[in-house]
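Okay, structure first, notes after.
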Amino acid sequence: MADMESSTSMGMTGDVRSEVKKPKKKKVLLMGKSGSGKSSMRSIIFSNYIARDTRRLGATIDIDLSHVKFLGNLTLNLWDCGGQEAFMENYLSQQRVHVFSNVGVLIYVFDIESRDVDRDMATYVSIISAMTQFSPTAKIYVLIHKMDLISLHAREAVFVDRVRLVRQKTSEFIQAAGYTAELDLIPFATSIWDQSLYKAWASIIHDLVPNLSVIESQLGSLGVLIEAEELLLFERTSFLVVSSWTSEEGQGNPTGDRQERISNILKHFKQSISRFTGTPRNAEQFTLMEHKAGSRFSMFACKFTTNTYLMVVLPPGEARFNSAKLNCQIARESFKFLDGPGPVSGQAQSLSS
Amino acid sequence: MSSRLRGRDILHGQDDDAQSSQAQPGAALSPAQQNLTRVFEQNRHKQQKQNGAKAPEQAPEASTKGKPRLLLMGQRRSGKSSISSVVFHKLPPSETLFLESTARIQKDSMPSFMDFQVWDFPGQIDIFENPTFDIDAMFGEIGALIWVIDAQDDYMEAVARLNVTILNLQRSYPNIKIEVFIHKVDGLSDDYKLDIQRDITIRIQDELSDHGFENAPVTFHLTSIYNHSIFEAFSKVIQKLIPRLGILEAMLTNLCRTCRFEKAYLFDVLSKIYIATDSAPADMASYEICSDYIDVIIDVTEVYGGWQRSPRYRENLEGPPWNQKLEDQVATNWAESCMVLSDGNKPIMLREVDKYLALVAIMKEDSYDKMPLVNMNVEVVVQGLKDFFEITKSK
């Protein structure tokens with residue numbers, strides 16, 4: 001009964017919204033076996049939970065629908081689908097059209113510690129078959145989750161092996177179904193206990209942001225003008241890296257996972273601040289952070305547009321630092337389009353320095 | 001040794017790799033891996049000590065002389081090794097479950113602003129019964145004796161043994177400071193914690209006054225490795241060992257008054273122990289945020305300060321329009337950082353004092369605009385702190 005109700009209400013809201021807004025609001029489906037960690041990762045990324053807190057989460061019943069505001073004009077229509085078998089069967093039969101139509105992204109989560117891999121794969125294949133039927137253009141991300149449970153040196157091998165299995169099952173299905181188009185999977189190894197989760201989600205988000213090329217080119221010209229080594233543009237609440245630019249010299253940085261790491265560090269500290277000030281976890285916690293590490297490097301992270309933070313890594317130098325800060329404030333105007341809906345009008349304008 | 005707040009020194013590039021990889025909270029190291037690194041480190045320390053003992057030119061006595069010593073004692077399984085691993089080796093608290101029981105005295109030397117030593121005693125040995133221990137060598141130069149009591153266990157025996165130890169020591173070494181850590185209090189209710197503390201305090205003081213020691217120098221702390229309380233307790237212990245602490249505190253208090261800081265801490269960066277603070281009452285919340293801020297700076301620095309830029313890049317930066325060496329372009333060669341919180345526009349500032357110490361302060365609302373002035377004042381105080389340590393350094 002609950003299913004019926006929720007589905008009708010969902011249908012209604014969906015209709016109303018599609019009239020008011022543009023039709024581009026596609027679904028993001030989060031699926032996988034029960035207990036594989038779907039709701040945990042969602043809470044960490046979008047609700048500012050820390051990894052420890054996710055123990056408190058109970059099982060998701062049916063579908064947990066959330067509209068995540070992202071960068072102002074982009075609303076993620078996130079469907080967290082409870083993974084117990086009864087629900088799964090329901091999605092695949094009665095709710096098939098309702099769940100699988102108009103999907104933009106499918107995120108399928110595999111638990112690396114699962115005991116019944118064959119069964120997981122069978123469920124996965126039936127989900128994929130529904131996907132090809134109703135949303136053949138959707139992007140498919142496969143997250144191999146809970147990788148922290150595998151010992152460090154075996155991780156790479158286990159991951160590659162599991163991905164190979166998933167790919168094999170997918171191609172078997174495609175051949176059997178006589179499906180012509182290519183199905184492209186994007187696999188990630190993740191764990192809520194380290195920054196790998198941020199890497200996966202940053203890349204998912206990256207694909208969903210419209211006019212990304214404009215953002216990137218503008219960031220690039222800003223970076224060149226202020227002589228930066230690296231620019232990172234974060235989304236305000238999730239602190240995922242939306243876009244980044246790295247100078248030629250900055251690419252020499254041997255820390256390959258620095259974007260995720262910075263997301264992780266800043267997000268953790270946001271929680272410390274919220275404990276200190278007693279403000280809610282999702283509230284904005286800081287407006288500016290600056291660090292000058294002598295004659296090695298300097299950096300600052302500041303509130304940029306309403307929905308973003310900008311982090312700038314610079315070579316040392318007081319004058320350079322201060323002028324970069326001023327220039328970033330000026331540049332804010334050219335990035336205003338990140339906040340409001342509507343077409344992009346501002347092109348990369350020349351910035352006076 | 002490279003600075004943790006500014007990145008690697010150019011000359012000593014490859015120093016503390018093992019340490020820094022342990023220090024990052026989000027590092028992709030499995031528990032097993034971390035354990036391995038730690039065991040390896042421990043073995044290396046042991047080996048070094050053995051080698052040191054064998055080498056004739058370097059007598060072990062000489063190297064340990066003059067360093068304040070912290071002795072960790074208590075019943076077995078009360079959490080002594082866990083405490084020293086969490087505080088001094090940055091082991092995540094959850095990993096302490098895997099620590100082996102300590103079989104012999106574990107001596108750790110802490111390269112810090114005052115080079116103190118931590119001796120971790122095995123709980124099952126009674127040093128006063130065992131004639132092989134040289135009591136005089138052990139307690140002769142002691143700084144403080146830390147006695148750990150497991151609050152979640154029956155503590156009668158621990159209290160009895162502590163009493164025996166105090167009585168034994170009071171006769172020959174009356175200057176020893178005795179710090180009792182009532183440990184593992186996480187999970188206990190606040191009322192219950194205080195009840196336990198009162199009970200233990202009374203039992204010890206009654207016993208001591210029965211034997212004619214009134215006002216013995218015994219202090220009690222409620223601690224847990226799962227929050228900042230253990231660092232707070234260690235801070236208090238270390239502060240007692242600093243000669244002329246009052247002057248340090250007066251300097252910080254003065255700074256707070258001049259710059260309108262709410263609270264200032266002088267931190268040991270490696271262990272996150274604060275060695276001095278201003279006279280305003282210390283609260284856990286401000287300590288936590290300052291200590292976490294140090295972590296942020298260390299982590300960010302590890303990402304961006306840990307690698308060498310190419311010489312050509314540097315040449316470009318020093319060329320026009322600046323025409324200055326990079327060293328001259330910066331305001332200070334020490335790490336300097338600041339973060340403005342949204343809540344009341346309150347800035348938190350951090351300034352590196354020397355290799356080991358950092359000054360962290362919570363500033364007053366809306367005072368970010370005064371930052372240049374604040375920085376100048378801080379610079380003066382930092383210079384004063386350096387002079388202080390130069391003067392009080394044990395010769």
Among B:113, B:239, B:225, whose Cα lies farthest out toward the positive end of the dipole of region B:64-239, if unit charges sit on the beta carbon of Lys, Arg (+1) and Asp, Glu (-1)? B:113
Once the Cβ-Cβ distance between residue A:287 and residue B:191 is put in as r, and R0 is 35 Å, what FRET efficiency do you end up with, to the nearest 0.05? 0.30
Which whole number gives the average, over all residues in B:277-290, of C-beta atoms from other chains lying within 10 Å of the residue C-beta? 1
Shielding by partners, peptide B:327-334 (average Cβ within 10 angstrom, other chains): 6
Would you mind checking the tilt of helix A:117-134 against the longest principal axis of the Cα atoms of chain A, expressed as 0 to 90 degrees and rounded to 10? 80
Cut-off under 20 Å on the C-alpha distance; same-chain residues fewer than 8 positions from residue A:26 excluded. Which aspartates and glutamates are left, in chain and number order? A:15, A:62, A:64, A:80, A:184, A:207, A:235, A:339
Counting only residues 5 or more apart in sequence or on a different chain, those whose built amide H sits under 5 Å from that of residue A:298 are A:293, A:314
Local electrostatic count, residue B:219, Cβ distance below 9 Å [Lys/Arg +1, Asp/Glu -1]: +2
Volume of the Cα convex hull of region B:64-239, divided per residue and given in Å³: 117
May I ask you to list the trypsin sites (Lys or Arg not before Pro) in region A:92-193 that are in a DSSP loop and have at most 12 other Cβ atoms within 10 Å of their Cβ? A:115
Once the Cα atoms of the protein assembly as shown are picked out, what are the Rg and Dmax in Å? 29.2, 94
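For the protein assembly as shown, give the share of DSSP beta bridges that are antiparallel, in percent and rounded to the nearest 5; count only bridges with both residues there. Intermediate results must be reported in sequence, preceding the final value.
Working: 64 of 108 bridges.
Rounded to the nearest five, the antiparallel share is 60 percent.
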Once the in-chain neighbours fewer than 8 apart are removed, the aspartates and glutamates whose Cα is under 12 Å from residue A:146 read A:111, A:113, A:194
Convex hull (Cα only) mean projected area of region B:245-392, reported in nm² to one decimal: 10.3
Do any GluC sites (Glu not before Pro) in region B:260-366 lie in a loop, going by DSSP, with at most 13 other beta-carbon atoms within 10 Å of their beta carbon, and if so which? B:365
Modelled label-to-label distance, residue A:126 and residue A:255, 7 Å Cα→beta-carbon offset: nm? 4.6
Among A:238, A:34, A:114, residue whose mean-square fluctuation peaks in a GNM of chain A (springs only between Cα atoms under 10 Å): A:114
At residue A:336 and residue A:211, where each label point lies 7 Å from the Cα along Cα→Cβ, what is the point-to-point distance in nanometres? 1.2
Filter the GluC sites (Glu not before Pro) in region B:157-233 down to the DSSP loop ones having no more than 16 other Cβ atoms within 10 Å, then list what survives. B:214
Tell me what chain A gives for mean residue ellipticity at 222 nm when only DSSP H runs of n ≥ 4 count, each as -39,500 (n - 2.57), the sum divided by the residue total, rounded to 500 deg cm²/dmol. -13500 deg cm²/dmol
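So which of A:27/A:267; B:90/B:263; B:236/B:272; B:177/B:240; B:177/B:263 end up more than 18 Å apart by C-alpha?
Listed pairs above 18 Å: A:27/A:267; B:90/B:263; B:177/B:263.
FYI, it's all coordinate maths here, none of it is from the lab. Remember, predicted model here, so these are calculated numbers, not experimental data. Positions of Cβ are backbone-derived with ideal geometry, glycine not excepted, and every protein chain shown enters the neighbour counts.
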